[in-house]
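First up is the structure itself, then whatever we jot down about it.
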Amino acid sequence: MTNVELARRAGLTAPPCLRRVRALEESGVIESYHAKLNASALGYGIMVFALVSLKSQAEDDLRAFENHVATLPEVRECHMLNGEIDFILKIVAHDLQAFQAFLTSQLTPAPNVASVKTSLTIRTSKDSSGIPVDPA
């Protein structure tokens, strides 16, 4: 939305609204802006969540896995968990065969990977970006 529209919704004039937005950007509260893309329209027909357990949870091994995953464009999100599963990954692929190839060539043979359990997404009922903002 434009700064003018944001200012109108916030009950401000445009110049102070823009100053506040810039201050939020500079302080790191606003980290980035992005377009939400339609994965299916771009040929990514499936989304899979993978639960990854590592053989070792030493900090160097955790970082090595994170560094490896950072190089894989199919992995859209990577979150470290506590408990018996070490990481959950959100993975996109063009089709099931492409995912299978990715799984067997890029993920399961990665150093320190003990096991990978996957679940194919059937339907997404909520997909919200950002975080909830409490009204002032």
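Each reported figure results from applying straightforward, stated rules to the coordinates on display, with no laboratory input. In this text the structure is predicted, and so the values were computed from the model without any measurement. Counting neighbours? That spans all protein chains shown, and the Cβs are built from the backbone with ideal geometry, glycine included.
Summary table
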read-out: Fully extended contour minus Cα-Cα distance, from VAL133 to TYR33, at 0.36 nm per residue; value: 34.4 nm
read-out: GNM top mover of ALA101, ALA41, ALA50 - the chain, alpha-carbon springs below 10 Å; value: ALA41
read-out: Estimated dipole of the chain in Debye, rounded to 20 [Cβ of Lys and Arg +1, of Asp and Glu -1, Cα centre]; value: 580
read-out: Segment SER40-THR71, extension gain: residue separation times 0.36 nm, minus the distance between their alpha carbons; value: 8.9 nm
read-out: Residue list for the stretch 100-134, given a label point 7 angstrom along the Cα-to-Cβ vector of HIS79 and an amide N cut-off under 15 Å; value: 119, 125-132
read-out: Label of the coordinate-derived value, Rg and Dmax of the Cα atoms in Å, listed as (1) 17.0, 53; (2) 14.4, 42; (3) 19.7, 57; value: (3)
read-out: Charge dipole (the chain, unit charges on Cβ, about Cα centre) - positive-most of ALA41, SER56, PRO15; value: PRO15
read-out: Low-density loop positions, GluC sites (Glu not before Pro), the stretch 1-55 - DSSP coil, at most 16 other Cβ in 10 Å; value: GLU31
